[in-house]
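Novice: Just dropping this structure here.
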Amino acid sequence: MPRKTRLFDIVQILRDGQLHRAGDLAARLGVSVRTVWRDMGDLSEGGLPIEGARGVGYRLKEPTMLPPMALTRDEFEALRLGVALVAGAADPTIARAALSLRAKIAAVAPARAQDPGSDSFVFASEEAARAAPHLALVRRAIRDHLTLALGYRGGEALRIRPLHLDYWGKAWTLMAWSDSAHDFRVFRVDLVTALTPDGGAFLPEAGKTVEDYLARLSPV
């Protein structure tokens, strides 16, 4: 069972407000008691109101429950970016709560609404302002697996597969697979001179994904 699914299942079990022993939870989830202890610690640190201890049991206290609601894709995008903004707040308590909320949203969101190239929301800067006209198209291309024709500083023209957006202090960067260069490239979005759909699309391909790029950066 994926860890994200297991954490979601634990929360659903604890919603009844009853005391649940770690051994019972472990048997129900098919994991070890030690794993349950670790999961409880992670959920508590994430801001979930769990009370209890090893050898006693755990229960959820004072949960805030929202009625079921249906969100459009644009509404979901607004919610996700808003949570990302709050996650960067100076108040550590609010920031932790935002991270916990982001995990809960990811646990219940349908697969089509989850963005593998999810970006980080930012405060304005001159570089961010120059990048802003391109961000909507980049997000759509990441979400819908669209290839783009990109013009870059120095007159460079490339065909890219957009994969991931990030923000580093004041400038947006786009990580992409370049079909023209046959390799990963990272672009500062504020230095992009032209960006247009070229009518193409792509499917995730071994050796050309976000995970492949991150694996390349990781020490062996």
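Novice: What are the lysines whose alpha-carbon lies under 27 Å from the alpha-carbon of Lys4, with same-chain residues fewer than 8 places away excluded?
Specialist: Partners within reach: Lys61, Lys104, Lys208.
Novice: Shifting gears a bit: Between Leu137 and Asp179, what length in nm is gained on full extension when 0.36 nm per residue of separation is reduced by their alpha carbon distance?
Specialist: On the way: separation 42, 0.36 × 42 = 15.12 nm, distance 1.85 nm.
Result: 13.3 nm gained on full extension.
Novice: Now a separate question. What accessible area per residue comes out for region 153-205, rounded to a whole number of Å², with a 1.4 Å probe?
Specialist: On a per-residue basis, region 153-205 sits at 51 Å².
Novice: Label 7 Å along Cα→Cβ of Asp42; region 13-35 residues with amide nitrogen under 18 Å?
Specialist: Of the residues in region 13-35, 13-14, 22-23, 25-35 have backbone N under 18 Å from the label point off Asp42.
Novice: With label points built 7 Å along Cα→Cβ from the Cα atoms of Arg21 and Asp9, find their separation and express it in nm.
Specialist: Here the answer is 2.0 nm between the modelled labels.
Novice: While we're on this one: With θ set to phi - 60° and the Karplus curve 6.51 cos²θ - 1.76 cosθ + 1.60, what are the ³J(HN,Hα) couplings of region 155-165 in order, to the nearest whole Hz, using x for Gly and Pro?
Specialist: Once rounded to whole Hz, the list reads x, 5, 10, 9, 9, 10, 10, x, 10, 7, 10.
Novice: For region 1-48, which whole percent of the accessible surface, found with a 1.4 angstrom probe, sits on carbon and sulfur atoms?
Specialist: The computed percentage sits at 50.
Novice: Where in region 1-27 does the amide nitrogen come within less than 16 Å of the point 7 Å from the Cα of Val33, taken along Cα to Cβ?
Specialist: 20-27
Novice: Calculate, for Asp144 and Asp212, the FRET efficiency according to 1/(1 + (r/R0)^6) with r their C-beta to C-beta distance and R0 22 Å; round to the nearest 0.05.
Specialist: After rounding to 0.05, the efficiency reads 0.65.
The values are calculated or read from the model by the stated rules, or taken from the named source; none is laboratory data. This is a predicted model, so every value here is computed, not measured. Glycine also receives a Cβ, built like all others from the backbone with ideal geometry; neighbour counts cover every protein chain displayed. The area values use the complete protein model at the heavy-atom level, side chains included, leaving out ligands, DNA and RNA. Shrake-Rupley method; radii C 1.70, N 1.55, O 1.52, S 1.80 Å.
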